[in-house]
Amino acid sequence: MLDLPCVIFAGGKSSRMGGDKALLPFGSYETLTQYQYNRLCKIFKRVYISCKDNSKFHFHANFIEDKKSTDTFAPTIGFISVFNTLKDDAFFALSVDTPFIDEKTISKLLEEDQKNFDATIAKTDEGLHPMCGIYHRTLESKFIKMAQENNHKLGFLLKNSSTHYVYFKENDSFLNINHPSEYQKALSLINN
């Protein structure tokens, strides 16, 4: 099992889905979040769920809640809360809506990561995948500054940091569940 902590980000607004995608049923699990948590606990020694309010989840897990005072749904607030909670110098970040990122993909990112990088991020022909990668504590002050300036674009942060991009030829494992049609596609894949 991997020593690096894993954080599942499940605090988004899900506006394109029309409902909280973190709570959608998935596979044999009551929610997509529970599915992600259970499968990632088989890969990582420590798995956490970053969210705005853990009371919406009805299963036991390690939750890291955003500051209660914010109404921002951007992951930048979640990153700050993670850095405040964890003592580690780095962690693996994964969005709750990417259920097909496998251990092989995670291992490749870990192999290519180095201490002198601020982040090691997945990239495919479809583009960058900022919510699938390793983030180092060297970015903590930048996240705080971005939040103060109400700038929540991860692409901006990564472009202006020491970011290493790891190319993956396969796009399918990066299926992102943003729309109802993508959810249906993911359900058909998980049920086969």
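The values are calculated or read from the model by the stated rules, or taken from the named source; none is laboratory data. All of these numbers come straight from a predicted model, not from anything done at the bench. Note that each Cβ is placed from the backbone with ideal geometry, even for glycine, and that neighbours are counted across all protein chains shown. These area figures cover heavy atoms from the full protein model, side chains too; ligands, DNA and RNA do not enter into them. Shrake-Rupley method; radii C 1.70, N 1.55, O 1.52, S 1.80 Å.
Things to note:
- Residue-normalised convex hull volume from the C-alpha trace of region 108-188: 111 Å³ per residue.
- Among the listed pairs Lys56/Lys185; Lys52/Lys153; Lys45/Lys145, those beyond 27 Å (Cα-Cα): Lys45/Lys145
- Antiparallel DSSP beta bridges within the chain, percent to nearest 5: 40
- Carbon and sulfur %, accessible surface of the chain computed with the full protein complex present, 1.4 Å: 50
- Evaluated with a Cβ-only charge set (Lys, Arg +1; Asp, Glu -1), the chain carries a dipole of roughly 260 debye about its Cα centre, given to the nearest 20.
- The chain, accessible area per residue, ligands and nucleic acids excluded (1.4 Å, Å²): 50
- Convex hull of region 38-192 built on C-alpha atoms - directionally averaged projected area, nm²: 10.0
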